[in-house]
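Note sheet for the following structure.
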Amino acid sequence: MQCTEKSLQYYNKGIVGFILLLCHVTFVASGQTFDGTTGQIIDFNNEAVPTVFNIDVSLTQQKIDQTYGLERVCIDINHKRASDLKIELISPDGTTFWLSNRNGEENRYGYFNTCFSANGFDGYIYDAKYNLEGTFTPEGKMDFVNNSQNPNGRWFLSVTDLRNGVIGKVRSISLTFGNNPAFSSAGPCSFASPKNCYSSPLSNGELLPDLIVVPALTTGHIKYYRPNDPDTLNRNQLRFAAAMANVGEGPFEIHSGQIWKCGDSIVNKTDRCQDGNLPSATVYQQIYIKKGEEMKMDAHPGGHLYFDNSPGHNHYHVADWVDFVLLKKRWWTGNPLKWKVVAKSTKVSYCLFDNLNCNAQNNYCQEKTISHTEHTLQNYGFGHFASCESAKQGISVGGIDYYGINYEGQSILLPSDIKKGEYSLMIHIDPLKKYREKSTANNIFITEVIID
């Protein structure tokens, strides 16, 4: 689930000036396709306010799951800068997934007859830089909604404009249900079936995660903005996407503690600190331990978690999760930690959840000569993380947490006098070493970039 609390909060309060709920014009086509309301999208104005459109669903089926469920979502949005938009679908039980979050290059028009399915013919939506027309795999996991819930009732399409100056309009929405639903089958290992879980002989039964950067989701998504770039918002920056996959034996799972603080003062979770922000809490990593045919758990103290209220987020982030550094190689050492630091970001926080999977079809999760897929990860699918709540976040075995090139924090501000040439971008997961993994030797990823 992503950022739905604020959307539903505006809806429940009935603040019509902040959120656009249009009259119900739903009808059924071909028995299983339902259309939604349409209208103008609220432009960003110092606050990201979702515009919510209704889709009323009435099926004879009382449950959607792996045999019958949501197959396809189609939208038509007229907006001259599609990269401003975050688009989510919210089901009647509150489960939410991202269709698209700030995708498309600057000044590219909107989503014209764009459809989403679990295996989009035209690839993943974040790879569609120039043309957003076609059928794409969404940015979030569509199968989250096919969770045995009752599909009948009101669904919502939430569209949030995250940059001002361009006003757009939703011209059509449709949901299609059928016998070929979006669904990801997990392996036999689970908390309920510990006997089916594999643990390394020398691990003492601990099912530790193992985090790597997904190369394909960074190397193809890097852009240098020159000091005189027409996009004044991003001038003199290096922007890039990043994604982390868990290729270990157990889920990477964290829970917030019960003590919330403003500085050194203990407060209530909902209190405001003097700076106006919500308090933070220590997080504990849940370590799963297989003991014979039983599963035990151990809580390992980690870093901390806080509420990120920046546009496009409004959910809880794990602090200091990743480091971004631009380096210049030194000929005398192959250790990137000893290369010259040209520029770096502050340590970036992430919400941790599954929005992609390592699988043989996308072949994303490459590590040297190893390809991690559902066929090679023995505890594939162990864990389930669909939201950015404080109580529980994480990345399942074989899961991927993706942050796009246009997200906050996915950039490095460059020195004004930077010289042209070849540099190295380093992405370092858990740079403060707060969490336990099967290996930390693979937490650093290096790729070459050109400043021209």
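Can you tell me how many residues within the range 147-160 are within 25 Å of His313 (Cα to Cα) and either modelled with pLDDT of 95 or more or hydroxyl-bearing (Ser, Thr, Tyr) (or both)? Explain how you work it out, then say what you get.
Quick first cut of the range 147-160, residues within 25 Å of His313 (Cα to Cα) only: 147, 154-160.
Then drop every residue that is not either modelled with pLDDT of 95 or more or hydroxyl-bearing (Ser, Thr, Tyr) (or both), which leaves 154-160.
Residues that pass the stated criteria total 7.
If we keep just the residues of the range 105-139 that are at pLDDT 90 or above and surrounded by 24 or more Cβ atoms within 10 Å (Cβ to Cβ), which is nearest to Ile167 (Cα to Cα)? Ranking the qualifying residues of the range 105-139, first place goes to Tyr111. Considering the range 389-401, and only residues there that are more than 12 Å from the chain's Cα centre (by Cα) and of a type outside the set (Gly, Ala, Ser), the residue that is surrounded by the most Cβ atoms within 10 Å (Cβ to Cβ) turns out to be Val397.
Do any strands (runs of 3 or more DSSP E) entirely within the range 264-367 hold 2 or more residues that are surrounded by 13 or more Cβ atoms within 10 Å (Cβ to Cβ), modelled with pLDDT of 90 or more and charged (D, E, K, R), and if so, which?
On the way: elements: 265-267, 280-291, 294-308, 315-328, 340-344, 348-350.
Passing ranges, in order: 315-328.
Being among the hydroxyl-bearing types (Ser, Thr, Tyr) and closer than 26 Å to Ser83 by Cα is true for just one of Tyr350, Tyr380, Tyr423. Which residue is that?
Working: Tyr380 fails: closer than 26 Å to Ser83 by Cα; Tyr423 fails: closer than 26 Å to Ser83 by Cα.
Among Tyr350, Tyr380, Tyr423, only Tyr350 is among the hydroxyl-bearing types (Ser, Thr, Tyr) and closer than 26 Å to Ser83 by Cα.
Residues in the range 270-307 that are in contact with an Asp or Glu (Cβ under 9 Å, 6 or more places away or on another chain) and charged (D, E, K, R) were compared, and the one that is farthest from Tyr435 (Cα to Cα) is Lys290. Within the range 82-93, the residues that satisfy the criterion of being among the small types (Gly, Ala, Ser) and modelled with pLDDT under 95 are Ala82, Ser83.
Take the conditions (1) more than 30 Å from Thr369 (Cβ to Cβ); (2) out of contact with any helix residue (DSSP H, G or I) (no Cβ under 6 Å at 6 or more places or on another chain); Met295 misses just one of them, which is (2).
Just a yes or no: is a residue in the range 203-216 charged (D, E, K, R), in the same structural domain as His317 (by TED's automatic domain parsing), within 17 Å of Gly381 (Cβ to Cβ) and modelled with pLDDT of 95 or more? Steps first, please.
Step one: of the range 203-216, the residues charged (D, E, K, R) are 206, 210.
Those left that are additionally in the same structural domain as His317 (by TED's automatic domain parsing): 206, 210.
When the remaining residues are screened for being within 17 Å of Gly381 (Cβ to Cβ), the result is 210.
Adding the requirement that they be modelled with pLDDT of 95 or more leaves 210.
Yes: one or more hits.
Can you go through Ser371, Ser390 and tell me which one is more than 16 Å from Ala243 (Cβ to Cβ), in the same structural domain as Gly302 (by TED's automatic domain parsing) and among the hydroxyl-bearing types (Ser, Thr, Tyr)?
Values: Ser371 fails: more than 16 Å from Ala243 (Cβ to Cβ).
Unique residue meeting the criteria: Ser390.
For every residue, the table says whether it meets (1) crowded, with 16+ Cβ neighbours inside 10 Å; (2) over 29 Å from Gly312 (Cα atoms); (3) within 16 Å of the chain's Cα centre (by Cα).
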| residue | (1), (2), (3) |
| --- | --- |
| His372 | yes, yes, no |
| Phe382 | yes, no, no |
| Ser387 | yes, no, yes |
| Tyr403 | yes, no, yes |
| Glu408 | no, no, yes |
| Leu425 | yes, no, no |
| Lys433 | no, no, no |
| Arg436 | yes, yes, no |
| Phe445 | yes, no, no |
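Cβ separations smaller than 8 Å between residues 6+ apart or across chains give the following pairs from the range 198-212 residues that are within 23 Å of Ile444 (Cα to Cα) to residues that are among the small types (Gly, Ala, Ser) and outside any loop (DSSP other than H, G, I, E, B): Leu211/Ala245; Ile212/Ala245.
Just checking, does the range 236-254 include any residue being surrounded by fewer than 19 Cβ atoms within 10 Å (Cβ to Cβ), in contact (Cβ under 8 Å) with a residue 40 or more places away in the chain and not in a loop (DSSP other than H, G, I, E, B)? Yes, there is a match, as at least one residue in the range 236-254 is surrounded by fewer than 19 Cβ atoms within 10 Å (Cβ to Cβ), in contact (Cβ under 8 Å) with a residue 40 or more places away in the chain and not in a loop (DSSP other than H, G, I, E, B).
Yes or no, residue by residue, for (1) farther than 23 Å from Ile222 by Cβ; (2) outside the structural domain of Ile444 (by TED's automatic domain parsing); (3) touching a strand residue (DSSP E or B) at 6+ places or on another chain (Cβ under 6 Å):
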residue	(1), (2), (3)
Asn277	yes, no, no
Thr282	yes, no, yes
Gln286	yes, no, yes
His313	no, no, no
Trp321	no, no, yes
Phe324	no, no, yes
Val348	no, no, yes
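The values are calculated or read from the model by the stated rules, or taken from the named source; none is laboratory data. Bear in mind that the values here come from a model prediction, so they are computed numbers and not experimental data. Positions of Cβ are generated from backbone atoms using ideal geometry, with glycine treated the same way; all protein chains shown enter the neighbour counts.
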